[in-house]
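A short write-up of the structure that comes next.
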Amino acid sequence: MVAMAVAKTRAETQRLGSSKLPTARRATLAAKIKLKESKRDCRRLIVVVNRKAKNEVKSGQHLKEVPVRTASRKKLMEFPVVRRNRKIQKVMHMAKACSGTSIAMQVLSAAAGSLSDAACIYDKRVVGVLQHPQSFSYRRAKDVDGVTAWNVMHHASESVVMQTDFSKDELVASHVDMENDIGVLTTSISQLLAKRSHDVIAVNTHPGHHAGPSRVAGFCLLNHIALAASLIKKAKPSWKLGVIDIDVHPGDGTQQFVELYPRMIDKYVSIHSSAQFRNMGADLGANGIALKLDNKRRCRFGSERHCIEIRQQKKGCCTSLG
């Protein structure tokens with residue numbers, strides 16, 4: 001297809017060189033050739049969003065900002081949905097603004113996926129809890145300070161399947177969001193594997209980097225990085241995968257997956273604030289870069305040491321998930 005397009009452009013260029021063409025026609029043909037060449041050479045960016053969420057944005061739903069520090073627990077649960085929709089709104093504006101630029105931006109709508117896809121990286125018992133949270137019993141966890149968390153168990157057993165800071169009702173209510181997120185993730189991976197673009201962005205509801213192999217925490221229900229890495233590695237075992245996680249919070253959940261499956265992600269680095277947060281593991285060893293805070297509690301980044309550490313983490317990675 002590319003060869004045919006190039007040949008056609010060459011033929012049009014030869015026609016343009018003909019002195020028989022009228023001046024107006026020559027100008028039109030020159031503009032047409034320039035547009036085709038720019039489209040052929042431009043960088044392609046694919047952004048994948050959930051179809052239902054995109055329709056919500058078009059109709060103006062779930063776009064009002066949630067005051068996180070003062071909101072009630074019920075209102076706070078709307079925060080991830082609002083954050084996702086506001087991101088999608090920005091993506092839609094950017095797609096319109098990209099016309100005529102050196103970046104060709106394509107927004108794809110994804111249908112909901114299935115939680116059974118998470119079984120490629122999660123224990124089937126954990127997947128069972130996420131699929132049917134109402135079928136399990138919940139007991140307050142006493143080993144978690146600062147937040148309310150529950151140990152999830154089978155009714156007929158005292159063994160803990162997983163831990164969550166989402167209540168049973170909140171997990172039930174989040175079921176649709178989890179399946180929507182998996183649909184976005186699998187569609188993004190299919191675009192990447194098909195080499196439609198090297199730049200694919202998945203806009204999901206929940207961030208994911210606090211979710212561990214048997215843990216839901218910090219608005220993170222599923223660890224999308226671990227799930228994506230597992231699906232890619234299954235399709236392309238020889239690929240080397242690198243993860244750069246940039247957030248004010250440490251990627252403690254992703255770190256747990258890296259330790260549990262050392263061959264899944266070849267390089268992982270979490271760049272985060274040195275501040276302490278509740279129910280978050282801050283010690284990521286060699287994979288963590290904790291940025292110091294100034295007197296206004298802002299992170300300062302840019303030292304040569306940090307740049308060297310990032311370059312060392314990136315070395316040898318042909319695919320980056322972030």
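The values are calculated or read from the model by the stated rules, or taken from the named source; none is laboratory data. Quick caveat, the model's predicted, so the values are computed rather than measured. Virtual Cβ from ideal backbone geometry, glycine too; neighbours counted across all protein chains shown. To get the accessible areas, we keep the full protein, side chains included, count just its heavy atoms, and leave off ligands, DNA and RNA. Shrake-Rupley method; radii C 1.70, N 1.55, O 1.52, S 1.80 Å.
Structural remarks
- Between residue 31 and residue 72, residue separation times 0.36 nm minus the direct Cα-Cα distance comes to 9.1 nm.
- With a Förster radius of 51 Å applied to the beta-carbon distance between residue 55 and residue 155, the computed FRET efficiency rounds to 0.85.
- Relative to the current alpha-carbon distance between residue 292 and residue 176, full extension at 0.36 nm per residue lengthens the span by 37.9 nm.
- Taking packing as the residue-averaged number of other Cβ atoms within 10 angstrom, the listed peptides 276-288, 214-226, 247-259, 69-81 run from highest to lowest as 214-226, 247-259, 276-288, 69-81.
- Distance violations [Cα-Cα > 27 Å] among 168/236; 74/142; 124/236; 195/240; 74/96: 168/236; 74/96
- Extension gain, residue 239 to residue 65, is 58.7 nm, computed as 0.36 nm per intervening residue step minus the present C-alpha separation.
- A Förster distance of 56 Å, applied to the separation of the beta-carbon atoms of residue 23 and residue 86, puts the FRET efficiency at 0.70.
- Counting only protein chain heavy atoms and rolling a 1.4 Å probe, the accessible areas of 272, 175, 198 rank, largest first, as 198, 175, 272.
- With each label modelled as a point 7 angstrom along the Cα→C-beta vector, the residue 137-residue 103 pair spans 5.3 nm.
- Antiparallel DSSP beta bridges within the range 171-308, percent to nearest 5: 25 percent
- Placed amide H near residue 161: partners under 5 Å, 5+ positions off or other chain: 152, 153, 154
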